[in-house]
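First comes the structure, then the notes that go with it.
The values are calculated or read from the model by the stated rules, or taken from the named source; none is laboratory data. None of the values given here were measured: they were computed from a predicted structure. Glycine also receives a Cβ, built like all others from the backbone with ideal geometry; neighbour counts cover every protein chain displayed.
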Amino acid sequence: MPLEPVSQAFIAELAEQRQPPISEQTPAVARMSGPIFAGMSGRGPDVARVDDLELAGTDGGPFRVRVLVPDGEPEAVIVYFHGGGWVLGDIDLQYDHVGRDLANRTHSTVVLVNYRKAPEHRFPTAVDDSFIGLCWAADHALQFARPGASLVVAGDSAGGNIAAVMCRWARDRGGPHIDAQVLIYPVTDCDVNTPSYLAPENQLMLNRDTMIWFWDHYLPDRDARTDPDASPLRAESLTDLPPALVYVCEFDPLHDEGVAYARALEEAGVPVTLAEAEGQMHIYFQMVNILPGYETGMQLVAEHITAVVADHAHTVPAEVDDHA
């Protein structure tokens, strides 16, 4: 199907503004668009509690996490890694709205990890920070969720890349135990010559040149990009990873690698749900109150997580603490 009409109009409006593409901007200038889109999205819904904390990375440098707790006793802890090509994005802007919405819809505590960004902090800082944030959330789960609550990792785009890496690290490092992974149009490989990368109809908000710009800031050494901690599709083994929702979108340079990762997980024996957002372009999942695909996408993700959590609750006694 064609790109949905609101997205078409949005792209046309951006074109009329004649702003240089991200691939021709500095990271500092590109980051200036964040507050603009956040203002268009508006403030997120209220939650029962918001805690902002500072953690230390492996190098001692600080990064933040935000804990969004809904009313009642949360059934799960969702650790969410935001998108932005490892260069853009922030838990104070649109992703605060996304996190609040996800917390209320799933009746789960959402932990947003504000991993440090490239080029100031290049690979592997983002994944190192994220694993520290994940372990912190698992270790403190009893403070903001019921005993035995499910632990879910989720993320979109570069955040989906990080979430995928977290699952393999948790498997190989002895925990924490992750009950499910939700990967929304994830970056899974460094190959920028797939059919979906080269398709003219996919050169929209995210295009091939912009992804090359992101990779150049995140991991300038092109040979090193095949490291599975940067390109999880290239991992030697994907066995024994958590059940996955892989949610791709139709008009996206990353479409093919998302599908390839879902198939690789399935071939490794991992239960996988592969869904496609028809008529949608990359970035829709963060465009709250801007693109209609956000509502459809958030509802699909929330329903999937709710079902996973309900199934987990039937198999794990409430008094058991999985994350102790």
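Any idea which of (1) surrounded by fewer than 19 Cβ atoms within 10 Å (Cβ to Cβ); (2) touching a strand residue (DSSP E or B) at 6+ places or on another chain (Cβ under 9 Å); (3) hydroxyl-bearing (Ser, Thr, Tyr) is the one Ser130 doesn't satisfy?
Checking Ser130 against (1) surrounded by fewer than 19 Cβ atoms within 10 Å (Cβ to Cβ); (2) touching a strand residue (DSSP E or B) at 6+ places or on another chain (Cβ under 9 Å); (3) hydroxyl-bearing (Ser, Thr, Tyr), the one that fails is (1).
Does segment 307-317 contain at least one residue that is of a type outside the set (Lys, Arg), surrounded by 16 or more Cβ atoms within 10 Å (Cβ to Cβ), more than 27 Å from Gly148 (Cα to Cα) and at pLDDT 95 or above? Show your work before the answer.
Let us first name the residues in segment 307-317 that are of a type outside the set (Lys, Arg), namely 307-317.
Checking the rest, the ones that are also surrounded by 16 or more Cβ atoms within 10 Å (Cβ to Cβ) come to 308-309, 312-313, 316.
Keeping just the survivors that are more than 27 Å from Gly148 (Cα to Cα) gives none.
Checking segment 307-317: not a single residue is of a type outside the set (Lys, Arg), surrounded by 16 or more Cβ atoms within 10 Å (Cβ to Cβ), more than 27 Å from Gly148 (Cα to Cα) and at pLDDT 95 or above.
I'd like the residue in segment 229-238 that is charged (D, E, K, R) and assigned to a loop (DSSP other than H, G, I, E, B) and, out of all such residues, is farthest from the chain's Cα centre (by Cα).
Per the stated criteria, the residue is Glu236.
Quickly run through segment 113-127 and pick out the residues that are among the aromatic types (Phe, Trp, Tyr) and surrounded by fewer than 24 Cβ atoms within 10 Å (Cβ to Cβ). Walk me through it before giving the result.
Filtering segment 113-127 for residues among the aromatic types (Phe, Trp, Tyr) gives 115, 123.
The answer is Phe123, and nothing else.
Could you please find all residues in segment 9-45 being more than 24 Å from the chain's Cα centre (by Cα), over 29 Å from His121 (Cβ atoms) and of a type outside the set (Gly, Ala, Ser)?
Answer for segment 9-45, where residues must be more than 24 Å from the chain's Cα centre (by Cα), over 29 Å from His121 (Cβ atoms) and of a type outside the set (Gly, Ala, Ser): Glu13, Glu16, Gln17, Arg18.
This table checks each residue for (1) part of a strand (DSSP E or B); (2) within 19 Å of Ala275 (Cα to Cα).
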{"residue": "Val187", "(1), (2)": "no, yes"}
{"residue": "Met211", "(1), (2)": "no, no"}
{"residue": "Phe214", "(1), (2)": "no, no"}
{"residue": "Asp221", "(1), (2)": "no, no"}
{"residue": "Asp240", "(1), (2)": "no, no"}
{"residue": "Cys249", "(1), (2)": "yes, yes"}
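Please verify whether Leu151 is farther than 30 Å from Val69 by Cα and out of contact with any Cys (no Cβ under 6 Å at 6 or more places or on another chain), treating the condition exactly as stated.
no
Mind counting the residues in segment 121-163 that are not in a helix (DSSP H, G or I) and not basic (Lys, Arg)?
The number of residues fulfilling the criteria is 17.
Of the residues that sit in segment 189-204 and are of a type outside the set (Gly, Ala, Ser) and part of a loop (DSSP other than H, G, I, E, B), which one is surrounded by the fewest Cβ atoms within 10 Å (Cβ to Cβ)?
That would be Asn193.
Looking at Gly297 and the list (1) crowded, with 23+ Cβ neighbours inside 10 Å; (2) closer than 23 Å to Leu241 by Cα, which single condition is not satisfied?
(2)
Filter segment 14-24 down to the residues that are touching a Ser or Thr at 6+ places or on another chain (Cβ under 9 Å) and assigned to a loop (DSSP other than H, G, I, E, B), then identify the one that is nearest to Leu88 (Cα to Cα).
Pro21
Hey, Pro35 hits all of (1) in contact (Cβ under 8 Å) with a residue 40 or more places away in the chain; (2) outside any loop (DSSP other than H, G, I, E, B); (3) surrounded by 14 or more Cβ atoms within 10 Å (Cβ to Cβ); (4) not aliphatic (A, V, I, L, M) but one; which does it fall short on?
(3)
Going through segment 93-112 one residue at a time, which ones are at pLDDT below 95 and either buried (at least 24 other Cβ atoms within 10 Å of the Cβ) or of a type in the set (D, E, K, R) (or both)?
Gln94 - this is the single residue of segment 93-112 that is at pLDDT below 95 and either buried (at least 24 other Cβ atoms within 10 Å of the Cβ) or of a type in the set (D, E, K, R) (or both).
With Asp139, Asp172, Asp179 as the choices, which residue is of a type outside the set (S, T, N, Q), touching a helix residue (DSSP H, G or I) at 6+ places or on another chain (Cβ under 8 Å) and surrounded by fewer than 23 Cβ atoms within 10 Å (Cβ to Cβ)?
Asp179
Search segment 40-89 for residues being out of contact with any helix residue (DSSP H, G or I) (no Cβ under 6 Å at 6 or more places or on another chain) and acidic (Asp, Glu), and hand back the single one that is nearest to Val152 (Cα to Cα).
Residue satisfying both the conditions and the ranking: Glu73.
Only residues that are in contact with a Pro (Cβ under 9 Å, 6 or more places away or on another chain) and of a type in the set (Phe, Trp, Tyr): list them for segment 197-220, please.
Result: Tyr197, Trp213, Tyr218.
State whether one or more residues within segment 42-54 are small (Gly, Ala, Ser), in a loop (DSSP other than H, G, I, E, B) and in contact (Cβ under 8 Å) with a residue 60 or more places away in the chain.
Looking for residues that are small (Gly, Ala, Ser), in a loop (DSSP other than H, G, I, E, B) and in contact (Cβ under 8 Å) with a residue 60 or more places away in the chain, one finds at least one in segment 42-54, hence yes.
Which of the residues spanning segment 68-120 are without any contact (Cβ under 8 Å) to a residue 60 or more places away in the chain, in a loop (DSSP other than H, G, I, E, B) and either among the aromatic types (Phe, Trp, Tyr) or more than 24 Å from Ile212 (Cβ to Cβ) (or both)?
Answer for segment 68-120, where residues must be without any contact (Cβ under 8 Å) to a residue 60 or more places away in the chain, in a loop (DSSP other than H, G, I, E, B) and either among the aromatic types (Phe, Trp, Tyr) or more than 24 Å from Ile212 (Cβ to Cβ) (or both): Pro70, Asp71, Gly72, Ile91, Asp92, Leu93, Tyr115.
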